[in-house]
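To start, the structure itself, in structure tokens.
The values are calculated or read from the model by the stated rules, or taken from the named source; none is laboratory data. Just so it is clear, the model here is predicted, and its values are computed rather than measured. As a convention, Cβ positions derive from the backbone with ideal geometry for all residues, glycine included, and neighbour counts pool all protein chains shown.
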Amino acid sequence: MPRTRALVVSLLPALLVLAALLVLAAPANARPANPDQPQIISAVTHQAEPPNPTSTAEELESQGDNLRHQKLFLDALDYYEVAHDKNPKSAALFNKIGMCELQLHWWPKAKKDFERAIKQDNRYAEAYNNLGVSFYGTKKYSKAINRYQKAIGLRPQTASFYSNLGAAYFSEKDFQRSTIAYARALELDPDVFERSSRDGISAQMSKPEDRARYDYEIARLYAKMGASDRSLLYLRKAMEEGYKGIENVYKDAEFAGLRKDPRFTELMGAKPPGISE
């Protein structure tokens, strides 16, 4: 027994090294999550060359923009941060850093960087809007609404600000204010909801009944403006999500014109089955 114990003791340093190597080799999703640093999905990795420290701030920012448009958010962050070291008072760089962090769902980090952008420029409408998104991402809807309203006050002709405001009101179940905000967004940009859908606004509505009602309300807005194709598309989505008030389509005045469209009759007759969760 003493010889066995002595052997174990002699091998302990090697065993510790092996254990450390196994931890380093383990996949990222096998490691404990840090609540302050949300896990990055495996597809999000560094792919670009590191930033050249001799490049100018403008060159680094431009390269960061290109990487962000390619959805290489970690790489874009590297370039923006080096650019910011060279130009520490740039509100735009703080905002762009925060935008990358939003895409990575690093909500607390994004919030801080948007606040820094606003500190540099207290009339930076985009930063107020993005700060609202960071609050929306953590379900602090009242704070999100407040920031969206500030963004709108500074730049009232921006459809996406109203779309975001509508989403926050919707999440608070304030459907009347939500519809007003969505209608204004649609008035400013008929394509705004297509972009909002791709950016994950409806996906953040975790309950299927919320997503279904969202789709129905968007269908109603499109019907009101005579965009039949898009109205039918969102009606189908609402039905697939199992919207319980779908029979209101026969009573709501906004759908009066759409009800004359043969495609409406076909859709309602087909009754697309609800998607199971």
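Lys89 - would you say it is surrounded by fewer than 22 Cβ atoms within 10 Å (Cβ to Cβ), within 14 Å of the chain's Cα centre (by Cα) and assigned to a loop (DSSP other than H, G, I, E, B)? Against the criterion (surrounded by fewer than 22 Cβ atoms within 10 Å (Cβ to Cβ), within 14 Å of the chain's Cα centre (by Cα) and assigned to a loop (DSSP other than H, G, I, E, B)), Lys89 does not qualify.
Is at least one residue of the range 144-158 among the polar types (S, T, N, Q), under 19 Å from Ala181 (Cα atoms) and surrounded by 21 or more Cβ atoms within 10 Å (Cβ to Cβ)?
Keep residues of the range 144-158 that are among the polar types (S, T, N, Q), which gives 146, 149, 157-158.
Those left that are additionally under 19 Å from Ala181 (Cα atoms): 146, 149, 157-158.
Next, from what is left, pick out any that are surrounded by 21 or more Cβ atoms within 10 Å (Cβ to Cβ): none.
No, there is no match, as no residue in the range 144-158 is among the polar types (S, T, N, Q), under 19 Å from Ala181 (Cα atoms) and surrounded by 21 or more Cβ atoms within 10 Å (Cβ to Cβ).
Looking at this structure, is Asp113 surrounded by fewer than 19 Cβ atoms within 10 Å (Cβ to Cβ) and in contact with a helix residue (DSSP H, G or I) (Cβ under 7 Å, 6 or more places away or on another chain)? In short, no. Taken together, the residues in the range 227-272 that are outside any helix (DSSP H, G or I), within 15 Å of Asp215 (Cβ to Cβ) and of a type outside the set (A, V, I, L, M, F, W, C) amount to 7. Give me the pairs: first residue in the range 70-95 and modelled with pLDDT under 95, second residue buried (at least 22 other Cβ atoms within 10 Å of the Cβ) and of a type in the set (Lys, Arg), beta-carbon distance under 7 Å, and six or more apart or on different chains, which are they? Pairs found: none.
When the criteria are applied in full, Leu102 meets the requirement of being hydrophobic (A, V, I, L, M, F, W, C), part of a helix (DSSP H, G or I) and closer than 22 Å to Ser171 by Cα.
Is it the case, given these coordinates, that Asn122 is at pLDDT 95 or above and assigned to a loop (DSSP other than H, G, I, E, B)? Working first, answer last.
Values: at pLDDT 95 or above: yes; assigned to a loop (DSSP other than H, G, I, E, B): yes.
Answer is yes for this residue.
Somewhere in the range 241-249, is a residue among the aliphatic types (A, V, I, L, M), in contact with an Asp or Glu (Cβ under 8 Å, 6 or more places away or on another chain) and touching a residue at least 24 places away in the same chain (Cβ under 8 Å)? No, the conditions are met nowhere in the range 241-249. The residue that is farthest from Glu126 (Cα to Cα), among those in the range 37-66 that are modelled with pLDDT under 95, touching a helix residue (DSSP H, G or I) at 6+ places or on another chain (Cβ under 8 Å) and of a type in the set (A, V, I, L, M), is Ala48. Take the range 170-181 and flag every residue that is crowded, with 22+ Cβ neighbours inside 10 Å and touching a Lys or Arg at 6+ places or on another chain (Cβ under 9 Å). Result: Phe170, single match.
Yes/no matrix, rows are residues, columns are (1) modelled with pLDDT of 95 or more; (2) in a helix (DSSP H, G or I):
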residue	(1), (2)
Ser142	yes, yes
Asn146	yes, yes
Gln149	yes, yes
Ile152	yes, yes
Pro156	yes, no
Phe161	no, yes
Asn164	no, yes
Ala167	no, yes
Phe170	no, yes
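Please enumerate the residues belonging to the range 130-176 that are under 17 Å from the mean Cα position of the chain (by Cα) and farther than 23 Å from Glu217 by Cα. Listed by number, the residues that qualify are Asn130, Leu131, Ser134, Phe135, Thr138, Lys143, Arg147. Looking at Ser206, Ser196, Ser178, just one residue is modelled with pLDDT under 85, in a helix (DSSP H, G or I) and out of contact with any His (no Cβ under 8 Å at 6 or more places or on another chain), and that residue is Ser196.
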